[in-house]
2 protein chains.
Amino acid sequence: MGPTTTRPGRNLGPRAAAGNRAALLAAAREIFAQDGIRAPLSAVSRRAGVGQGSLYRHFPDRIDLVVAVFEEQVEAVEAVAADRGARLADLLGIVTRNAIDSTAFVDLVRSSTAPDARLRAFGTRVAAALATHLPAALAAGEVRQELSERDLLLAVSMVATAVTHVAEDERVAVASRAWELLGIEVRLP
Amino acid sequence: MGPTTTRPGRNLGPRAAAGNRAALLAAAREIFAQDGIRAPLSAVSRRAGVGQGSLYRHFPDRIDLVVAVFEEQVEAVEAVAADRGARLADLLGIVTRNAIDSTAFVDLVRSSTAPDARLRAFGTRVAAALATHLPAALAAGEVRQELSERDLLLAVSMVATAVTHVAEDERVAVASRAWELLGIEVRLP
DNA sequence: CTACAACCGGACACAGATGTCCGGTCGGTC
DNA sequence: GACCGACCGGACATCTGTGTCCGGTTGTAG
């Protein structure tokens, strides 16, 4: 009868809400990383050791959860974009790193045409960040002159997707080689 | 009461079996092309105008259907590979063409590590075909010297996947540009 | 100590897909 | 022309995932 396990919170009143929320986010981050953003939400609540009810109370739908999980990553990309000391290679590097770490991030990068506006926003923000340093890279001769913003997005999408289709321990190697084949310099963080 | 439509065959005896089979294959080709090899099979039987029972009688499981649908495409690739007059660019061209025409073909190309042996066989066959003309292309200086068989597969996988994630009417343009970025010549059939 | 209100967990109703099973129907055969 | 057996279609049982709802628990206030 006494399930006094170390679960996030078998009801500790209002105070537990935050703990449950954090547990759900952590669980979702892991599950989405492995299976992409379409993974079953029931798996998330199970992994978090929390009831379905709590999941849906904190995050009414799947997108709410995705947004909460990846806001941080997208901001990290934007931070590099805003850094005047950074170069295009750094920007591509952090995006590639995110793709290596999480299958779901790839879904996000590709979602500039997604049906849901909140998801599209992520895709757009990453695209905008990537565009930031392209002119400077072109001016400095760091990349081929013919490279357009669109090309950059295509390249990122190709590399990111390739990475998600190989075993985890090969991802860094595959990503590096892919960028080499494309003739674009990248600096992985 | 009289459903005397032009359906493949509301039971014409043994003779209808072949007709139903053909209708199922055609339906599956369309549905797989659009939604990939994981599309619901119920959609296939519905589109074919045939009962679920008939579908499963002809093709006991999903893979049987996939194999039947794409055997032809894979053979076409192998035919080009066997043609001593063809060049690597032709080989990459036909594979790219198949990817443009069918999302499901991309699933196949990537399935050299799939759980099912029949699916793996497809991936392996395409990989083997691609490898056929690489030595000649290297000798003739048609591609960069550093290009390995593995690189070729990576490149194909990247381009093919990129293509499936854009609207149909952009696919040819995206595929062409992707190969350009990779610095590899392709001749689309 | 008791009553309250907020929050929790999981049962549940629902939806979509899979694969099976069986009554009905039609060509073939004698 | 009547029977037979093969084949057809779709209803159905099952499974997996989604989102809702409610009885139960627990911290807090009086």
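Laid out as a table, the results:
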item: Residue identified as within 14 Å of another protein chain (Cβ to nearest Cβ), at pLDDT below 95 and on the phi < 0 side of the Ramachandran plot among A:Glu142, A:Glu180, A:Glu168; result: A:Glu168
item: Any hit, segment A:95-102, residues being touching a helix residue (DSSP H, G or I) at 6+ places or on another chain (Cβ under 7 Å) and modelled with pLDDT under 95; result: no
item: Subset of segment A:133-176 (residues that are over 13 Å from A:Ala99 (Cβ atoms), crowded, with 18+ Cβ neighbours inside 10 Å and not aliphatic (A, V, I, L, M)); result: A:His133, A:Asp151
item: Condition met for A:Thr113 (under 29 Å from A:Pro40 (Cα atoms), touching a residue at least 24 places away in the same chain (Cβ under 8 Å) and either within 14 Å of chain B (Cβ to nearest Cβ) or buried (at least 17 other Cβ atoms within 10 Å of the Cβ) (or both)); result: no
item: Of all residues making up segment B:23-42, the number that are within 7 Å of DNA strand C (Cβ to nearest atom) and more than 20 Å from B:Pro115 (Cβ to Cβ); result: 1
item: Total residues in segment A:145-165, condition more than 30 Å from B:Pro115 (Cβ to Cβ), more than 9 Å from chain B (Cβ to nearest Cβ) and not charged (D, E, K, R); result: 4
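The values are calculated or read from the model by the stated rules, or taken from the named source; none is laboratory data. From a predicted model like this one, the values you see are computed outputs, not experimental measurements. Positions of Cβ are backbone-derived with ideal geometry, glycine not excepted, and every protein chain shown enters the neighbour counts.
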